[in-house]
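Please treat every number below as a calculation from the coordinates, not as lab data. Keep in mind the model is a prediction, meaning the values are calculated, not measured. Note that we place each Cβ from the backbone using ideal geometry, even for glycine, and neighbour counts take in every protein chain shown.
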Amino acid sequence: MTRGMSTPDPAVLVQLALGVFPPLPAIVEVLSEDGGGYALRIVACEDGLLHAFAPRTQVRKDLRLLARITDARRGRYEVEFEIAEVFYHSSSDALVHMAVTGVQHRKMRRAAPRVSISERAHARVLFCRTLPRDTRLDLRLADISATGVAFTGTSALDPGDLLLVSTRIGGMALHFEARVMRSDPAPYGRFRTGCEIIEFAADARESITAMAESAPEGGSEDQRRPDAVEAMQQVRSAETGLLGRIQRD
């Protein structure tokens with residue numbers, strides 16, 4: 001999450017945000033810079049600050065939050081907040097006063113060109129709703145760009161989960177921090193997960209961008225669906241083993 005996204009005038013930013021949100025009171029899904037995501041119930045706007053209820057254990061003063069709002073007619077918007085004050089409300093909820101620090105309109109297409117790949121990768125959990133911190137995950141990359149990555153694995157992840165991913169592409173070692181945006185079921189009990197890359201070395205970002213710009217549009221079917229390719233290889237291997245046993249018998 002970055003500061004100073006668009007107009008610096010706080011009053012203008014608040015009005016822009018209110019124009020993006022449904023009428024108040026409104027429930028908005030947000031991602032936290034501390035990891036994870038949750039529903040924020042925005043109930044009022046007073047003196048240039050939004051008032052909202054949030055899970056008490058997942059908020060703190062100066063915490064930055066990001067909301068992605070998609071409108072069928074106007075497209076997608078990103079709204080950034082910073083919590084100015086936190087007040088006790090109940091054992092589960094806190095009342096927070098938030099400043100709007102940025103509003104941006106995003107195009108509905110990918111922000112950067114991608115390159116389709118089928119490379120193994122490893123990830124270490126930094127934050128996850130369902131897995132302990134430092135859990136190791138074995139992954140297979142499906143595509144990568146300067147701003148995002150998709151992979152398949154055996155674990156279902158949740159929006160807002162944070163991972164430290166390590167892999168090698170074209171002989172180059174890559175390490176980056178990624179935030180999960182979505183995770184969907186894939187064939188053979190696996191899950192396909194899409195992430196935004198939030199920490200990436202500048203030279204690695206430039207190399208990935210150059211690879212993506214020179215790669216064929218979309219890649220081959222095998223590159224786009226490495227999970228299915230791997231499953232087919234396993235099936236073929238099993239068939240070969242069975243055929244060998246039959247021939248020996």
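Points to keep in mind about this one:
- Between the amide H of Ile198 and those of Glu177, Ala178, Arg179, distances stay under 5 Å, these residues lying 5 or more places away or on another chain, with hydrogens modeled in the peptide plane.
- Neighbour-limited loop hits for chymotrypsin sites (Phe, Trp or Tyr not before Pro), region 1-91 (at most 16 other Cβ within 10 Å; DSSP other than H, G, I, E, B): none
- Of the peptides 200-208, 114-122, the order by per-residue mean of other Cβ atoms within 10 Å, starting with the highest, comes out as 114-122, 200-208.
- Scanning residues 5 or more positions from Leu40 or on other chains, those with amide H under 5 Å from its amide H are Val28, Glu29, Val30, with H placed 1.01 Å from N in the peptide plane.
- Cα gyration tensor, region 114-226 - rounded (a/c under 1.5), prolate or oblate: oblate
- Per-residue ³J(HN,Hα) for region 155-162, Karplus 6.51 cos²θ - 1.76 cosθ + 1.60, θ = phi - 60°, Hz, x for Gly and Pro: 9, 7, 10, 10, x, x, 4, 10
- Close amide H pairs (under 5 Å, H built 1.01 Å from N) link Glu33 with Arg64, residues at least 5 positions away or on another chain.
- With 5 Å bins beginning at zero, the pair-distance distribution over Cα atoms of region 10-106 amounts to 3, 14, 27, 28, 18, 8, 2, 0 %.
- Taking θ as phi - 60° and the Karplus parameters 6.51, -1.76 and 1.60, the scalar couplings of region 55-66 work out to x, 4, 7, 10, 10, 7, 5, 6, 5, 9, 10, 10 Hz in sequence order, x denoting glycine and proline.
- Region 79-143 shape via C-alpha gyration tensor axes, a/c threshold 1.5: oblate
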